[in-house]
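Derivation of every value follows stated rules applied to the coordinates shown; laboratory data play no part. Remember, predicted model here, so these are calculated numbers, not experimental data. Cβ placement follows ideal geometry from the backbone for every residue including glycine, while neighbour counts extend to all protein chains displayed.
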Amino acid sequence: MKKRLLTVMLALGCLMVLGACNSDEKENKETKESTEENKVMATVNGEEILKSDYDLLFQDTAATYAQQGMDVNTLDEEMKKQLETQILDQLINTELLIQQANTEGFKPEEGEVNDSLEEMKAQFEDEEKFKQALEENNLTEASLKERIVSELQITSYLESAVGEIKVTDEEITAVYDQYKQAMESQEQEVQELETIKAQLEEQATMQKRQEKISEIIEQLRNDNEIVVL
């Protein structure tokens, strides 16, 4: 259930955020030349990453920035370049994870995919609103299900590859020291370690998990053929 909920959050977040962004830009997207959309930006073991994929993720990122009161259009050239590189890297990493998940035979049950889809639908006012969001993102229910399958594959693969994570008291203390320093710099009250140990342990676990995921992705990048065009 936890894994399915994570998948729903990822896919739903993309759908709803992009829907809010794309509704204003739909006319521009419709007039964009198909040759530009089909431009290949990179390949991963021969699998193409298209400009259209990049544009969707860029819009998603721009919408996230906007929610934080930031406008990507106001970034200086260096920051824009960094953002563009990060977005392309994210697409490459996702393709690597999907390919590895397929190689190792990770495939979600149809029922799990359908459950995730139904949970997504439930977040909308009605079926019509859900279909409208799909249309605004140039998606069909079938293509959305494909995305859900990919998310479930990646989640299952990473759970297996990362394995069980255990943190030491030293690692919890290190997280507490970071918390303490941050609170003191803001002249706010610092809680005792034992009072918030459960939260600190959870944060340390998340940090350790992310470090392992980064190591896995780095290894995949080293072991596979990536061409940026």
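Per residue of segment 74-85, in order, report the coupling 6.51 cos²θ - 1.76 cosθ + 1.60 (Karplus, θ = phi - 60°) as ³J(HN,Hα) in whole Hz, putting x for Gly and Pro.
Working through the residues one at a time gives 9, 5, 6, 4, 5, 5, 4, 4, 4, 5, 4, 5 Hz.
Which of SER116, SER214 comes first, and how do the rest follow, when ranked by fewest Cβ neighbours within 10 Å?
SER214, SER116
Let me spell out the model: positive unit charges on the Cβ of Lys and Arg, negative unit charges on the Cβ of Asp and Glu, origin at the Cα centre of segment 167-229. What dipole size does that give, in debye rounded to 20?
It comes to approximately 280 debye.
Compute the normalised compactness of segment 79-229: alpha-carbon radius of gyration over 2.2 N^0.38 Å, N being the residue count.
1.37
Sorted from fewest to most neighbouring beta carbons within 10 Å, what does the list MET120, MET70 look like?
Ascending Cβ contact count within 10 Å gives the list MET70, MET120.
Nearest 20 debye, what's the magnitude of the dipole of segment 78-202 about its Cα centre given +1 on Lys and Arg Cβ and -1 on Asp and Glu Cβ?
500
Just to be sure I follow: if Rg is taken over the C-alpha atoms of segment 167-229 and Rh is the Kirkwood radius over the same atoms, what is Rg/Rh? Write out the running numbers ahead of the final one.
Numbers: Rg = 17.0 Å, Rh = 13.8 Å.
Using Cα coordinates only, the ratio equals 1.23.
Which GluC sites (Glu not before Pro) in segment 128-228 sit in a loop by DSSP (not H, G, I, E or B) and have at most 14 other Cβ atoms within 10 Å of their own Cβ?
GLU164, GLU187, GLU189, GLU192, GLU225
If you plug each phi of segment 167-175 into the Karplus form 6.51 cos²θ - 1.76 cosθ + 1.60 with θ = phi - 60°, what whole-Hz ³J(HN,Hα) values come out, in order, with x for Gly and Pro?
Values per residue, Gly and Pro as x: 10, 8, 4, 5, 5, 5, 5, 4, 5 Hz.
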